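First the structure, in the form of structure tokens, and then the observations on it.
We did not get these values from a lab; they are worked out from the coordinates using the rules stated. Computed from a predicted model, the values in this text were never measured in an experiment. So basically every Cβ, Gly included, is an ideal-geometry build from the backbone, and we count neighbours across all protein chains shown.
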Amino acid sequence: MRIRKQESMKNHTTFRTGGPADTFAEPEDLDELRELISVCAGSGTPYVVIGCGSNLLVSDEGFRGTVICLGPSFGKIRIDGDFLEAEAGARLGAAAGAAQEAGLAGLEFASGIPGSVGGALVMNAGAYGSEVKDVLLEAEVLEMDGTPCRLHAEALELGYRTSNITGLGRIVLGARFHLRKGDPSEIEARMRDLSLRRKEKQPLEYPSAGSTFKRPEGHFAGKLIEDAGLKGFCIGGAQVSEKHAGFIINRGNATSEDIRRLILEVQRRVKESSGVTLEPEVRFLGNFV
Ligand SMILES: Cc1cc2nc3c(=O)[nH]c(=O)nc-3n(C[C@H](O)[C@H](O)[C@H](O)COP(=O)(O)OP(=O)(O)OC[C@H]3O[C@@H](n4cnc5c(N)ncnc54)[C@H](O)[C@@H]3O)c2cc1C
């Protein structure tokens with residue numbers, strides 16, 4: 001297994017910020033993953049499992065413990081009738097592409113989300129009116145005590161950008177999606193349309209973690225932020241995107257602290273102007289003062 005010491009998390013987050021992880025490990029298979037976890041547990045070393053780091057803000061001090069990245073070694077995708085099985089490290093885009101080629105509809109929404117299958121289950125990722133919950137049948141997880149287990153989707157308590165996975169110390173190993181037959185060229189056309197809509201609306205040319213905040217009930221975060229006069233507002237190298245105020249972007253030299261301070265300032269000003277409390281969708285890792 002590949003193990004790196006003092007590995008900068010800038011290389012593993014789409015915000016391109018964050019300090020070093022004491023240890024950054026990429027297990028090659030389930031046995032290595034289980035061994036790694038048992039070593040961490042035995043030595044009292046904190047650990048966290050990540051996928052593509054596309055929803056993570058890692059502290060500038062980094063993470064005092066082991067970051068376990070499930071990457072290409074956990075990337076297999078298999079079609080079985082109307083089902084698609086994907087390992088946790090598979091990219092959502094690859095899973096959506098495989099479904100399209102097999103003439104299976106239902107994963108089009110996921111094609112432009114730059115995360116892994118594991119991260120998508122944790123976040124119940126979704127876009128354009130669909131989410132993981134709509135198509136997930138079962139998940140294979142490693143329970144906190146190291147036991148592999150197959151769970152029905154309901155057992156994950158998937159909600160709006162939430163699940164019970166990390167709270168219960170579970171690790172996602174894979175997922176089985178139930179899709180429906182469709183015409184490959186129509187599925188491809190839907191994926192292309194969604195991709196165009198993303199390019200048009202989202203600041204994809206800058207590092208970010210997608211929508212910074214969850215959508216508050218009855219509102220749109222971007223609109224509230226824009227109405228608070230914050231479009232383009234900067235703290236250090238972090239900026240509320242001029243293209244889509246729901247995105248905080250790294251203008252090139254942002255620190256995680258810049259981003260975190262901007263998140264707090266946006267929350268404060270939106271609360272002041274609209275009375276609405278914005279909750280971050282982005283997850284924080286490491287110590288923030
Ligand atoms: C440009 C852009 C656009 C985006 N658009 C969308 C969108 O339309 N919809 C949407 O929902 N999100 C969107 N996102 C956010 C992000 O891509 C999703 O939340 C994605 O599901 C995160 O997957 P990941 O593999 O990157 O997870 P990470 O960021 O690596 O991790 C996220 C969380 O999941 C945990 N985790 C990851 N893998 C595992 C695992 N195998 N087992 C246990 N825990 C795990 C991590 O510890 C962390 O708590 C966007 C991000 C960007 C940068």
Which of 145, 258, 22 ends up with the largest GNM mean-square fluctuation for the chain, with Cα atoms connected below 10 Å? 145
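Hey, what number do you get for the chain at 222 nm if only DSSP H runs of n ≥ 4 count, each worth -39500 (n - 2.57), divided across all residues, to the nearest 500?
Details: 7 runs with 79 residues, N = 289.
Only helices count here, giving -8500 deg cm²/dmol.
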Please report, in cubic angstrom per residue, the volume enclosed by the convex hull of the alpha-carbon atoms of the stretch 1-146. 109 Å³
For the stretch 265-289 and the stretch 1-64, what is the separation of their C-alpha centers, rounded to whole Å? 26 Å
Which Rg and Dmax, in Å, describe the Cα atoms of the stretch 142-272? 18.9, 50
So who's got an amide H within less than 5 Å of the one on residue 50, skipping anything under 5 residues away but keeping other chains? H placed 1.01 Å off N, in plane. 68, 69, 70
In sequence order, calculated HN-Hα J values of the stretch 228-245 (Karplus, 6.51, -1.76, 1.60; Hz; x Gly/Pro): 7, x, 9, 4, x, 5, 10, 10, x, x, 9, 9, 6, 3, 6, 7, 8, 5
Placing each pseudo-label 7 Å from Cα in the direction of the beta carbon, residue 217 and residue 157 end up separated by a distance in nanometres of 1.8 nm
With all distinct Cα pairs included, what does the Kirkwood hydrodynamic radius of the chain come out to in Å, to one decimal, could you say? 19.6 Å
A correct Kirkwood calculation over the Cα atoms of the stretch 204-285 returns a hydrodynamic radius in Å of 12.3 Å
Measuring from the lowest to the highest alpha carbon on each principal axis, how far does the stretch 74-187 reach, largest first, in angstroms? 44, 26, 22
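Classify the stretch 34-89 as rounded, prolate or oblate from the Cα gyration tensor: take a ≥ b ≥ c as the square roots of its eigenvalues, call it rounded if a/c is under 1.5, otherwise prolate when a/b beats b/c and oblate if not. Before the final figure, lay out each step's value.
Working: a/c = 4.02, a/b = 1.75, b/c = 2.30.
It comes out oblate by the Cα gyration axes.
Could you sort the peptides 65-78, 48-61 by per-residue average Cβ neighbour count (10 Å cutoff), highest mean leading? Walk me through the intermediate numbers first.
Numbers: 65-78: 19.4, 48-61: 23.5.
In descending order of packing, they fall as 48-61, 65-78.
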Spelling out what I want: for every residue of the stretch 4-21, take phi, set θ = phi - 60°, compute 6.51 cos²θ - 1.76 cosθ + 1.60 (Karplus), and round to whole Hz; glycine and proline get x. 10, 9, 6, 8, 5, 6, 4, 7, 10, 10, 6, 6, 6, 9, x, x, x, 8
Could you give each residue of the stretch 276-289 its phi-based ³J(HN,Hα) in whole Hz, using Karplus coefficients 6.51, -1.76, 1.60 with θ = phi - 60°, and x for Gly or Pro? 8, 8, 8, 10, x, 8, 5, 9, 9, 9, x, 8, 10, 6
Rounded to whole Å, give me the distance from the Cα center of the stretch 180-245 to that of the stretch 137-173. 28 Å
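Of all the C-alpha pairs in the stretch 2-72, what % are more than 16 Å from each other? It would help to have the intermediate numbers written out before the result.
Values: 1039 of 2485 pairs.
Roughly 42 percent, once rounded to a whole number.
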Would you mind checking which residues have amide H under 5 Å from residue 137's amide H? H placed 1.01 Å from N; only 5 or more apart, or other chain. 176, 177, 178
